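The values are calculated or read from the model by the stated rules, or taken from the named source; none is laboratory data. Since this is a predicted model, take the numbers as computed values, not measurements. When we count neighbours, we look across all protein chains shown, and the Cβ atoms used for this are built from the backbone with ideal geometry, even at glycine. Keep in mind that these areas ignore ligands, DNA and RNA; they rest on the heavy atoms of the full protein, side chains included. Shrake-Rupley method; radii C 1.70, N 1.55, O 1.52, S 1.80 Å.
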Amino acid sequence: MEPDFSALSPPLPAHWQDSLAAQSLPALQPLSPRAWIELDLDAGLRFNKSLLLINGDFLVWVNGTQCQTWPIQAGLDLSHSDHAGVGCLRLQQSDTLLALWHYTLAVNPQVLRLQAAFQNEQHASQMPVGFLSDDDLLDDKPPSTWTLFKLWRFAKPYKKELFFGLILTLASTGATLVPPYLTMPLMDNILIPYERGQPIDFDLARLYLGALLAAALLAWGLGWWRTYLLALVSERIGADLRNTTFEHLLKLSLEYFGGKRTGDLIARIGTETDRICVFLSLYLLDFITDLIMIIMTAAILASIDPLLALVTLAPLPFIAWMIHVVRDKLRYGFEKIDRIWGEVTNVLTDTIPGIRVVKAFAQEKRELKRFVDSNHHNLQINDRVNRVWSLFTPTVTLLTEVGLLVVWAFGIWQVANNNVSVGVLVAFLAYIGRFYIRLDTMSRIVSHTQKAAAGTKRIFDILDHVSSVPEPVNPAPLGPIQGKIDLRGVGFRYGNRAVTKGIDLHIAPGEMIGLVGHSGSGKSTLVNLICRFYDVSEGSITLDGRDVRSIGIADYRKCIGLVLQEPFLFFGTIADNIAYGKPDASREEIIEAARAAHAHEFILRLPLGYDSLVGERGQSLSGGERQRISIARALLINPSILILDEATSSVDTTTEKEIQRALDNLVKGRTTIAIAHRLSTLRKADRLVVLDKGEIVEIGSHDDLMEAQGAYYQLYQAQIRHATELVEGGAIGETLEKA
């Protein structure tokens with residue numbers, strides 16, 4: 001049965017259909033693509049569209065008039081990877097690289113679908129009918145049930161409680177097995193003799209009934225104690241798992257976050273840990289109880305009548321085989337369900353924070369379509385998993401019913417031949433009822449086990465990731481900071497692209513450096529390297545003569561104040577946002593920082609002053625107000641090094657003057673590195689560093705660089721001409737002042 005890929009890939013756009021129709025290639029006859037992806041980067045990592053599709057049993061790549069095809073056969077491998085926001089798709093035959101394509105992570109879900117379709121095409125002849133196909137495989141290493149054993153590192157602190165819970169489980173399970181055993185003497189010693197005319201021995205009956213009641217009460221008490229204890233432990237394991245995952249996530253470098261979607265990470269820490277916690281507190285406990293019950297029941301049955309026990313256990317191998325087969329199929333499906341659910345969450349995390357942009361451009365229908373498409377994809381994958389599960393569960397129930405019927409038939413034959421008593425048969429039927437109920441329940445736990453395994457794998461994908469900005473083994477003490485920064489032969493690669501190379505720069509303590517250059521020249525990358533958001537690929541950066549990689553990351557960044565172009569404010573009070581870098585700051589320190597940032601006056605005009613709540617991301621404040629709070633936040637920690645990244649580029653002239661006065665207070669006595677597109681804002685800099693294509697092309701003061709009439713002179717003149725053209729075209733006069 002061929003999988004239906006129509007739900008996975010939308011129809012091919014008309015312009016690509018026309019382009020493919022113009023190609024007279026056998027691989028495109030007839031044109032019926034199973035899956036396709038519109039790649040958005042070329043070999044030089046420039047934005048350029050090309051098409052990669054699977055048509056029949058061929059992989060086809062079209063780039064303008066260029067077209068290449070490869071037959072999909074054994075030994076051909078299509079693999080993907082991503083690095084720092086750029087994806088890479090490789091086509092290999094054994095160790096030979098046949099093709100290499102690049103793409104942005106915006107189209108990563110479509111790449112995964114195409115790779116899944118490719119793998120399905122390779123293995124179509126090997127798929128069993130009625131089960132999940134390999135198109136549901138998204139990872140080279142699908143989650144195994146053994147992945148759950150990784151959780152032991154979180155369970156180890158509670159091993160005493162877990163051991164005691166196991167003892168309670170054994171005791172409570174043993175107590176539940178007592179009542180069926182007592183049915184034998186009740187039948188053989190009381191009821192059957194009464195049927196033969198003997199009087200009932202009420203004392204003996206009361207003894208058996210009292211024992212039944214005591215066993216029931218004991219089983220209830222032990223079961224409650226066990227369930228409560230293990231539920232407490234599982235909740236704590238889940239909490240520790242969330243804490244550890246989030247802590248590790250915060251330690252990872254920006255490079256990791258560049259290749260991840262917010263919604264996917266939220267789903268992992270939230271949904272996956274909840275699923276694992278439910279599995280540990282409910283289904284794992286039930287699984288252990290069922291397993292113990294089956295083993296103990298089998299032992300009791302064998303001790304009563306081995307032949308009847310053998311007949312009773314006959315369906316067990318078939319059920320075990322089905323569980324094994326279905327487990328292997330479900331583990332692919334649940335891994336894909338988790339990833340597709342991440343796509344749904346990604347749409348929400350994109351749209352809700354950007355709701356102003358959505359409404360401003362009237363794109364509500366577009367965002368709704370994105371959500372509906374992702375939700376529909378999620379529905380399709382769930383339907384595939386449910387087809388497997390809906391076949392498996394009734395089959396196990398049927399086998400248990402057939403097994404019970406066989407026991408009845410064989411037991412009646414044994415009674416008829418006086419091989420067993422009626423009491424033994426009744427006890428057997430009571431035990432077999434519990435046995436098959438537990439077996440059926442245990443088989444149903446398979447889906448929850450595979451869901452937990454898939455969730456555990458996605459959690460440990462985070463925990464096993466090593467930060468590209470590691471902590472030093474023996475961090476050097478920071479001590480007093482002078483603020484001298486040296487860059488020697490600094491180079492950095494972002495993916496396969498060299499962003500900076502061979503940068504040598506000396507910044508003296510207290511000096512103000514301005515970084516200028518065209519967009520993409522490497523200014524922000526250089527600042528990120530100095531902040532150690534990334535580590536250099538070549539060369540070194542030193543602070544007061546010490547390599548920054550030898551200093552503890554937190555200690556190093558505490559001496560840096562960062563003011564961004566788009567300041568980020570957290571939901572909370574204004575005072576909390578100012579004190580973010582110094583949570584124990586007094587109200588007097590907060591007010592002093594706000595005064596220096598020229599923010600005190602507008603804060604007092606708010607209804608609750610410093611206790612006024614700002615909306616999410618500070619949306620209740622203007623851009624200039626958010627920027628001044630950001631400056632106050634930097635002032636409060638009293639940094640030795642200051643980084644200004646386009647701090648005044650997105651505000652009006654009046655607000656810019658307010659911010660500039662605040663910045664004048666901020667830069668005093670500090671080593672300052674400033675980025676600005678408006679070159680006039682850097683006139684107070686001691687030196688200007690001009691970057692072009694990741695290299696330093698000029699260094700000097702404004703006057704010296706203007707006199708040299710080099711790269712800086714051309715940038716400055718271009719801004720003057722642009723501002724003049726705007727004024728002549730009727731733009732407001734302040735535009736020229738900004739330039």
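Quick check: anything in segment 621-632 outside any helix (DSSP H, G or I), over 32 Å from the mean Cα position of the chain (by Cα) and not acidic (Asp, Glu)?
Yes, because at least one residue in segment 621-632 is outside any helix (DSSP H, G or I), over 32 Å from the mean Cα position of the chain (by Cα) and not acidic (Asp, Glu).
Within segment 59-80, count every residue that is of a type in the set (Val, Ile, Thr) and either assigned to a strand (DSSP E or B) or in contact (Cβ under 8 Å) with a residue 60 or more places away in the chain (or both).
3
How many residues, within segment 446-494, are over 19 Å from Val527 (Cα atoms), of a type in the set (D, E, K, R) and open to solvent by 30 Å² or more (accessible area, probe 1.4 Å)?
So the count comes out to 4.
Can you give me the number of residues within segment 624-673 that are small (Gly, Ala, Ser), open to solvent by 30 Å² or more (accessible area, probe 1.4 Å) and at pLDDT below 85? Walk me through it before giving the result.
Start the filter on segment 624-673 by keeping residues that are small (Gly, Ala, Ser), which leaves 624, 630, 632, 634, 640, 647, 649-650, 662, 669.
Keeping just the survivors that are open to solvent by 30 Å² or more (accessible area, probe 1.4 Å) gives 640, 649-650, 669.
Subset that is at pLDDT below 85: 649-650, 669.
Residues in segment 624-673 being small (Gly, Ala, Ser), open to solvent by 30 Å² or more (accessible area, probe 1.4 Å) and at pLDDT below 85: 3 in total.
Which fully enclosed helices (runs of 4 or more DSSP H) of segment 219-313 have 3 or more residues being more than 21 Å from the chain's Cα centre (by Cα)?
The helices (runs of 4 or more DSSP H) meeting that bar are 284-304, 306-312.
Which of the residues that make up segment 602-620 are at pLDDT 85 or above and part of a helix (DSSP H, G or I)?
Phe602, Ile603, Leu604, Gly609, Tyr610, Asp611
Regarding Gly87, is this residue open to solvent by less than 50 Å² (accessible area, probe 1.4 Å), touching a helix residue (DSSP H, G or I) at 6+ places or on another chain (Cβ under 9 Å) and within 27 Å of Glu255 (Cα to Cα)? Show your work before the answer.
Working: open to solvent by less than 50 Å² (accessible area, probe 1.4 Å): yes; touching a helix residue (DSSP H, G or I) at 6+ places or on another chain (Cβ under 9 Å): yes; within 27 Å of Glu255 (Cα to Cα): yes.
So Gly87 fits the description; yes.
Can you say whether Leu404 is farther than 30 Å from Leu348 by Cβ, open to solvent by 60 Å² or more (accessible area, probe 1.4 Å) and modelled with pLDDT under 75, as far as the supplied structure shows?
no
For segment 464-511, what are the residues that are touching an Asp or Glu at 6+ places or on another chain (Cβ under 9 Å), closer than 18 Å to Asp535 by Cβ, assigned to a loop (DSSP other than H, G, I, E, B) and among the β-branched types (Val, Ile, Thr)?
Val469
When segment 56-84 is examined, which residues are found to be closer than 17 Å to Asn120 by Cβ, modelled with pLDDT of 80 or more and open to solvent by less than 50 Å² (accessible area, probe 1.4 Å)?
Listed by number, the residues that qualify are Leu59, Val60, Trp70, Ile72, Leu76, Leu78, Ser79.
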